[in-house]
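Structure first, commentary second.
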Amino acid sequence: MSASLLEVSNLRVDFQQDGLLVRAVDGLTYSVDRGQTVAVIGESGSGKTVSSRAIMGLLPPTASVTGSIRFDDVEMVGLSEDAMREHRGRGVAMVFQDPTRSLNPTMRIGAQIREAIQTHEKVARAAAQDRAIELLELVRLPAARERLEQYPHQLSGGMRQRVMIAIALAAEPKLLIADEATTALDVTTQAQIMELLRDLQQRLGMALIMISHDLGLAASFADEVVVMYAGRAVERAPTRKLFAHVRMPYTRALLDAIPRLENPSHSRLAAVPGQPPNLALRELGCPFTPRCPNATDHCRDHEPAFEEHEPDHLWACWHPCADEARL
Ligand SMILES: Nc1ncnc2c1ncn2[C@@H]1O[C@H](COP(=O)(O)OP(=O)(O)O)[C@@H](O)[C@H]1O
Ligand code: SF4
Ligand SMILES: [Mg+2]
């Protein structure tokens, strides 16, 4: 048995769109240990959701998936729909960005949670009801018993996300994937949900993949950070090491885009200048070249490999950043 709960190797996901091949995930490799929290960070369109949906077996049939996804020592790529469903029930659950779209607006909260419980486990309605209350208490939704009778629109955004987390936990997952789970929420609620996820991860001993476009968010929560760009991993390291020794110019740019208390003029809208590449037009070289301050002609024609250059620290770059002088 391997040490890791999840091992993604050379994962590639292609879509056909208007006669063009869109390579949404391009050779992604990373792993998650049991009980570990890994942040997957990157701008919009970098392949975070598509790669997570591949892990869940939730991609549309138009997607072509190659490479390997081993979960709990079972290969997921190429599994039948039935086997995939069992896999999802057996150990991995996902929470999405927008709880209003994931919850059924015409069904009471209680019925939706009971349904998730009974999909996972054959139990009678009364037992499912008790378990639903337990789950709502676990996600710290106040007045759990009364909530069961309510409809999604009667709950705030934060409460709906707690319900979604409760539904995800119904399957007692070994791995929970939170895909921008707090992005649609206001800052205070965002912090509360992050705190809840961390607390659940520790109490239940689950592994957690925290997907976000916000590198700052990862800093306080993740054991390890994987930075994605144009469908691939471009830098990966334990969180502390990454922040102390950023190597990829792209990661550096993401860090510079984080608003800081001492620099209030830096708004939350600060972003990395320029645009990510069009994934349908595959070009030679490093995909970050047009936006990179360190780029040379060599970068334009040669794609750097994603390799371990320092212990536990992988990156894909010909001209990595040096450590910054500290004041
Ligand atoms: N069903 C689909 N058909 C075609 N292209 C898709 C499909 N789903 C996602 N993509 C493309 O895959 C790329 C990565 O998307 P996604 O994983 O959602 O990015 P992220 O979650 O990092 O914002 C995008 O360019 C997107 O347009
Ligand atoms: S390989 Fe070149 S273009 Fe790509 S990130 Fe490194 S320096 Fe920049
Ligand atoms: Mg996404």
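The values are calculated or read from the model by the stated rules, or taken from the named source; none is laboratory data. Here the structure is a predicted model, which means the values were calculated and not measured. Because the Cβ atoms are built from the backbone with ideal geometry, glycine has one as well, and the counts that use them run over all protein chains shown.
Please work out which residue is modelled with the lowest pLDDT, limiting yourself to region 47-61 and to residues that are within 13 Å of A178 (Cα to Cα) and more than 11 Å from ligand 1 (Cβ to nearest atom). Filtering region 47-61 for residues that are within 13 Å of A178 (Cα to Cα) and more than 11 Å from ligand 1 (Cβ to nearest atom), the one modelled with the lowest pLDDT comes out as M56. No other residue among I55, I109 is crowded, with 18+ Cβ neighbours inside 10 Å, out of contact with any Lys or Arg (no Cβ under 7 Å at 6 or more places or on another chain) and touching a residue at least 40 places away in the same chain (Cβ under 8 Å) apart from I55. Of the listed requirements (1) more than 29 Å from A184 (Cα to Cα); (2) not β-branched (V, I, T); (3) not in a strand (DSSP E or B), L58 misses just one: (1). For region 36-56, a tally of residues being under 10 Å from A233 (Cβ atoms), away from ligand 2 (no atom under 16 Å from the Cβ) and not polar (S, T, N, Q) returns 2. Counting the residues of region 44-63 that are more than 14 Å from Y30 (Cβ to Cβ) and within 10 Å of ligand 3 (Cβ to nearest atom) gives 5. Looking at region 69-96, which of its residues are touching a helix residue (DSSP H, G or I) at 6+ places or on another chain (Cβ under 9 Å) and not in a helix (DSSP H, G or I)? Hits for region 69-96 are I69, F71, D72, V74, M76, V77, L79, V92, A93, M94, V95, F96. Filter region 97-132 down to the residues that are assigned to a loop (DSSP other than H, G, I, E, B), under 15 Å from Q161 (Cβ atoms) and touching a helix residue (DSSP H, G or I) at 6+ places or on another chain (Cβ under 6 Å) and list them by number. Matches in region 97-132: L103 only. Here D33, D26, D14 are screened, and the one residue that is out of contact with any Asp or Glu (no Cβ under 6 Å at 6 or more places or on another chain), within 16 Å of ligand 2 (Cβ to nearest atom) and closer than 28 Å to E307 by Cβ is D26.
Kindly list, by first and then second residue, each pair from a residue in region 285-314 that is near ligand 2 (Cβ under 6 Å from one of its atoms) to a residue that is among the aliphatic types (A, V, I, L, M) and modelled with pLDDT of 95 or more, limited to pairs with Cβ atoms under 6 Å and residues at least 6 apart or on different chains. If the second residue must be among the aliphatic types (A, V, I, L, M) and modelled with pLDDT of 95 or more, the pairs left are T289/A295; P304/A316.
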